[in-house]
Structure formats: C-alpha cells, structure tokens
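Notes follow once the structure below has been shown.
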C-alpha cells in the first residue's frame, strides 16, 4: 500500500494502519532495532513501541517520508532503550565499537572540550553529508545511523569489508576536518 | 564533545538522507539474523501460541475446530489471526471476503501485479469510497466478481457521524446498548444503506476499567469487508456465554483483544476491542459487562435503513473547546509568517505568496471545472458537497455558503543540483515537487457543527500529470515559476490558515 494511504488510515484512526505499516516496514524496523539492540526480545518490543508511537503521533503529524519517519522512531527508541538500561541484553558489541570510532574521530587534541548546541551539530553533520559522494554517505550512515557491522555493509554495498573500512576511515577524517573548519572542535 | 553527542546529531540528519539510506537497505537486504529475525521469532511464537492454546484447552490438535475458532477464522499469518465480521465459515459472506483478502494480500505482496500506482479513481470507486476498500481497477473488478460469484448484493451508500441515537434513527433500530457507562453521544458510527453499521464506543469503567469497543453488524446477503484480529502471541480463551438479556453469544478472550460474536438470523454481529497501552488482559468482568449490555438479538434481526433521516440534520458541537485548542496547538507549532515568504528547508524551495483572492464563481479567477480534483469537496452549513456538486457546472457559480480561495505563488528551486533522492510525497521524477504539501486549514463552529479540515489544493493552474489526484510542479535548479492553487472552503469562516510543513500564513479577512 502506498505511504499516503497508510497515513490516511492513521488519520482516520483505522487500526489497519498498524497492519499495513507492519506489512510494509516491519522487517525494516526490526533490522534497525536489532542492529542496535542485538536481542530478539528487545527488538520485538521496540518495533511494537514504534507502532504505538506512530499511532499516537499521526495525527497531528503527517510525515512526507513515512519510511524515514518510522526508521527514525525505531532508531531513537532503540538507543533510548540501551541508554536507559531497559535492554535485556545490552547490544554492546557493535555499538561499543562505533562509540570508539567516533570518540577517536572527535577527541580534542588541545584545550577543553567544546559544548555545542545540538542543532548546531545537526546542521554541521547535514552539511558534511551533502558533500560526501553517495556511496561513502551510504556507508557512513549504515555504520553510524543504522549501527551495522562492517561486514554487513560490505554485503549491502557489494564490496569487501576492507573497502568499507577504508571509506569509513576517510569519512571520519573528513568529518573531523569539517568540524574543525567550522570551529566546532 | 563526546561520541554520544555526535551519534545523537547523526540521528537528527535530514529525512532525505534517512530515506536514501533506508531505501538502499530495503533494496539490498542482507540475510543475517538481524534482518530476518522477525520471521524466525514470529514462527517460533506462532508454534508457542498453538502449543499454549492446546495446553490451555487440554485437548489434542483438533481442539480449535471443536471449540469454534475455525468457524470464524478468515486467515492467519506469523503475526495475526484474522477473525470474521461477515459470518461463519460456511456462509457466502465469509467465503467472499476470505477470497477477497487472499487476493488482496497476494496483489500487494506482488507489487500490484505491475499496475500503475496511484490510479485515477473512476466514478464507481468515488461513489463507493468509504463503503468498500478498493483503490485500483483490479481490486474493484475482484470485488464485483466475488459479489456475483457468491450472489451478494453491494452497498451503495454510507453515512458517518457521531451519536449512537442517530445510528439507531438511520437504521430503524431500538437502542441496542443498555449501560449507563456507555457514552452515547461520543460514539462514532458508519451506517450503510443495507442496515449494516460499524460503531466505535467508549465505555467508562466497564468491569473496573475504561475501554474502547467496536461493534459491527453486517446484514446477510451483502458483500462486506473488515475483520477482527488477535496477535499470534496471545493466549486465547473461548466460551459460550448467555448475556443478561438471555442471548447466547461466543466470547474469544486474549491478552490484547476480545471478540464477542453472535450469528443472528438476518445479521452477523461482532463486538471487539484492542488493548493498546498496557500488557494486562482485559478483565473477564469487563468483557462480560459489555456482552451483557449489548442487545445482540435486536441487532441480529432485519431493520429498515434510511440514511436520509439523519444525513441533513443540524449537528451539535462535540468537545468544541478541546478540539479548537488542539487545532490551535497544531498551528502554533509552525512558524507564523509575516510576509508570506519562506524557504522549505527540506526540498530547498523558496515560496512567496503573491496574493490571496476570494470569489464565489470559478470563472471570476479564470478556473474551469475540469481543473479541479475529482475528490475535491466543499463544506457549507454542516453539509459536505463532493465534486462536482459544489458548483453549477453551467455557470461555475459555487453553492451558497462556499467560496473559492485562489492563492498565487512564486516558487524558486534554490537547489544547485537535481532533486532526485528527496522523493517528496508522490514525487514521480527529477525536480518534480508536489503541491500536496501546501494546505488550507480551517476550524470553527458552523451551524452548530465543529469543523476542522485540512485539505490539499483542489485545483492547480499548471499541468496535472495524474488528473484527479495529485499535481506536480517541475522546477529546474535555480528556476523560478509562478502558478496558482485553488481551494473550495466555507464562506462563513474567517480563521483560515495556508501552510506547508515549515510555516503557515493566516489568511486575510474577507473584505
């Protein structure tokens, strides 16, 4: 079913909205949640919470891109679940690596750390992404938005993990350079 | 700065990047436990549910048939068990809808068999919108084929409103709910010309809790759609129950849903509810309290439907203050514009509203009837006029109580490169932008009825690639175009707002 019709079902408070959402985006939301939580049980709960959040927010929201809207909710709920210690089995492995990679990317070499407004940082990341070639942007987001392991990113992008690692390293160097140039580091 | 902050900022990137990523992920799945876990888990859960059911019933593998689930089971998948609202499994109504469901599932799962989507709605589809859930020619043909195959008649009219008493008036029914906890005025219903209905009711403190319940009555001999469902994870109990009014019904009771069914001589009646917020099952007291309050026997008999008895009645405002407040919050959440000019951050479009003009005749502003969307509608004095009834086709004069609002826009595509990946809702190609993102909102009490409508443009002065549905504007990077949008709106209202996702512009008062 097209997104516009699914959204219309939400707006009419028709429970088929949940079914149609699940039919179309259930697998995707599960993949996002599992990538972060690495737990079947937590994934199920998180996806259910995503549908509940969608039910409660549509209306008044009427997202232009339902896939992105649901994906964002799932990601945020998954990360919140980890942060709040609600996840039964902390999906730590991949996320710990990701934290480490980002920590190394932005560590302050001199002087105190800067405290930035979240909006300022989001704008900077958006501008940085706009300047990346599409392939590198996808790899970067698979890694840092979807928390995917490097090997899986390679399978999705049709290349070897070594190439993904190289591209991610380049992107992190560019990101650091960009943030420095903008005076954010 | 910590990695946490950066990870959070990455989470806040623009929708276009998120959608680009997720579209790629969907097209390039990886067969790992992470992606397919849902299916694996659901299969295991389904097995557990069946095992649990059998254990609960304390009998062998055929217990479900004996205890009656099979009699109302339309279908099931890894996640849901779908139960009939049409009739028992050997009825024509059940078989027709079961076959339609199977067709629909296969059709959607197979990319609509290559059919163009979306499609222009023909006259039959427009007339039956709200009656039957069909939005392609192939779905319509299937529905017509099945109604003929099973010798079922079709419904041709529907009326939606609130207030259980009006549902009774339209369908010639006595009050069918006898319980002071049932909020009669708040009940929203949809009544059909064959005497069938769906009503959504709030039940205060039924068996110690508040709950929302749906009651459907589907008259036999007519094609109907819709189902009740249970999650496969739910432990379902089922028993026959004699209500306080002496009618024997069957109750299915799960963790998250219940389903009460009565197979009457002329109609099949179902009461059901879903639990959305907490994990505790409905109490048995709540379920039996609802079964006791509904007069299933009355609903199972024939009655004479006359939707005209209630269609044009004056309406009373319902929760006007709360609704107005909710609407006001929606508007206030957007940036108010002083000059009528804003940039759409998402698409990189710069909008300027050049003028807003009011008229009561299409010709005054150069519009023609053919330019209007065929799902357009106008609301005046509590009556909703659908295309083309809102105007005189000969003179272009609008019905009394309606007015035409023409919004002249200048739009600049401020992007420096082609817009390909943004895929704004219904974007069909490079640098195409949808007018469906520019809305008119009005809210007020008119003739005693509360109106809160958000509508897309009813007409667009440029070309329309999919007539009758959504209009697009093609703007190359750096290019500026001017065009007009038209909206049909109530003449009496002053508090209208023109808005997009980013900003809104209150309309000037009528001079």
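Please identify the pairs in which a residue from the range A:171-185 that is in the same structural domain as residue A:126 (by TED's automatic domain parsing) has its Cβ atom under 6 Å from the Cβ atom of a residue that is assigned to a helix (DSSP H, G or I) and surrounded by fewer than 16 Cβ atoms within 10 Å (Cβ to Cβ), counting only partners at least 6 apart or on another chain.
Once the first residue is in the same structural domain as residue A:126 (by TED's automatic domain parsing) and sits in the range A:171-185, no partner that is assigned to a helix (DSSP H, G or I) and surrounded by fewer than 16 Cβ atoms within 10 Å (Cβ to Cβ) comes close enough.
Got a number for residues in the range B:396-421 being at pLDDT 85 or above and either in contact with a helix residue (DSSP H, G or I) (Cβ under 8 Å, 6 or more places away or on another chain) or outside any loop (DSSP other than H, G, I, E, B) (or both)?
Matching residues across the range B:396-421 total 15.
Among what's in the range A:9-26 and is farther than 16 Å from residue B:225 by Cα and at pLDDT below 80, pick the residue that is surrounded by the most Cβ atoms within 10 Å (Cβ to Cβ).
A:11
Need at least 3 residues that are modelled with pLDDT of 75 or more per element, so show me which helices (runs of 4 or more DSSP H) inside the range B:23-135 make the cut, counting only ones lying wholly within it.
In the range B:23-135, B:69-72, B:92-109, B:123-127 are the helices (runs of 4 or more DSSP H) which contain 3 or more residues that are modelled with pLDDT of 75 or more.
Can you name every residue in the range A:127-175 that is part of a helix (DSSP H, G or I), under 18 Å from the mean Cα position of the chain (by Cα) and within 8 Å of chain B (Cβ to nearest Cβ)?
Those that are part of a helix (DSSP H, G or I), under 18 Å from the mean Cα position of the chain (by Cα) and within 8 Å of chain B (Cβ to nearest Cβ): A:129, A:134, A:137, A:138, A:141, A:142, A:144, A:152, A:156, A:157.
Out of B:184, B:145, B:174, report the one residue that is free of Cβ contacts under 8 Å to residues at least 40 places away in the same chain and surrounded by fewer than 16 Cβ atoms within 10 Å (Cβ to Cβ).
Only one candidate qualifies: B:145.
Quick one: how many residues across the range A:46-58 are in contact (Cβ under 8 Å) with a residue 24 or more places away in the chain, more than 8 Å from every other protein chain (Cβ to nearest Cβ) and surrounded by fewer than 21 Cβ atoms within 10 Å (Cβ to Cβ)?
2
Here is a check on your reading of the model: is residue B:443 buried (at least 19 other Cβ atoms within 10 Å of the Cβ), closer than 21 Å to residue B:491 by Cβ and at pLDDT below 70?
Yes; evaluated as a whole, the condition is true for this residue.
Of all residues in the range A:61-77, how many are surrounded by fewer than 23 Cβ atoms within 10 Å (Cβ to Cβ) and more than 21 Å from residue B:27 (Cβ to Cβ)?
Total satisfying the criteria: 4.
(1) over 20 Å from residue B:296 (Cα atoms); (2) away from every other protein chain (no Cβ under 14 Å): which one isn't true of residue B:224, the others all being true?
Here residue B:224 meets the rest and fails (1).
Answer with yes or no whether residue B:98 is in contact (Cβ under 8 Å) with a residue 12 or more places away in the chain and in contact with a strand residue (DSSP E or B) (Cβ under 7 Å, 6 or more places away or on another chain).
In short, yes.
Can you tell me which of (1) in contact with a helix residue (DSSP H, G or I) (Cβ under 9 Å, 6 or more places away or on another chain); (2) over 17 Å from residue B:271 (Cβ atoms) is the one residue B:145 doesn't meet?
Of everything listed in (1) in contact with a helix residue (DSSP H, G or I) (Cβ under 9 Å, 6 or more places away or on another chain); (2) over 17 Å from residue B:271 (Cβ atoms), residue B:145 misses just condition (1).
Kindly provide the set of residues from the range B:158-206 that are touching a helix residue (DSSP H, G or I) at 6+ places or on another chain (Cβ under 6 Å), farther than 29 Å from residue B:283 by Cβ and part of a strand (DSSP E or B), ordered by number.
If the condition is that a residue be touching a helix residue (DSSP H, G or I) at 6+ places or on another chain (Cβ under 6 Å), farther than 29 Å from residue B:283 by Cβ and part of a strand (DSSP E or B), then B:159, B:191 are the ones that fit.
Can you name the number of the only condition in (1) more than 26 Å from residue B:198 (Cβ to Cβ); (2) within 10 Å of chain B (Cβ to nearest Cβ); (3) surrounded by 22 or more Cβ atoms within 10 Å (Cβ to Cβ); (4) touching a residue at least 24 places away in the same chain (Cβ under 8 Å) that residue A:41 fails?
(3)
Hey, among B:224, B:303, which residue is at pLDDT 85 or above, assigned by TED's automatic domain parsing to the domain that holds residue B:74 and in contact with a helix residue (DSSP H, G or I) (Cβ under 6 Å, 6 or more places away or on another chain)?
B:303
I'm checking my understanding of the structure. Among residues of the range A:17-38 that are more than 18 Å from the chain's Cα centre (by Cα) and more than 8 Å from every other protein chain (Cβ to nearest Cβ), which one is farthest from residue B:190 (Cα to Cα)?
A:24
The values are calculated or read from the model by the stated rules, or taken from the named source; none is laboratory data. Small disclaimer: the values here were computed from a predicted structure and weren't measured. So basically every Cβ, Gly included, is an ideal-geometry build from the backbone, and we count neighbours across all protein chains shown.
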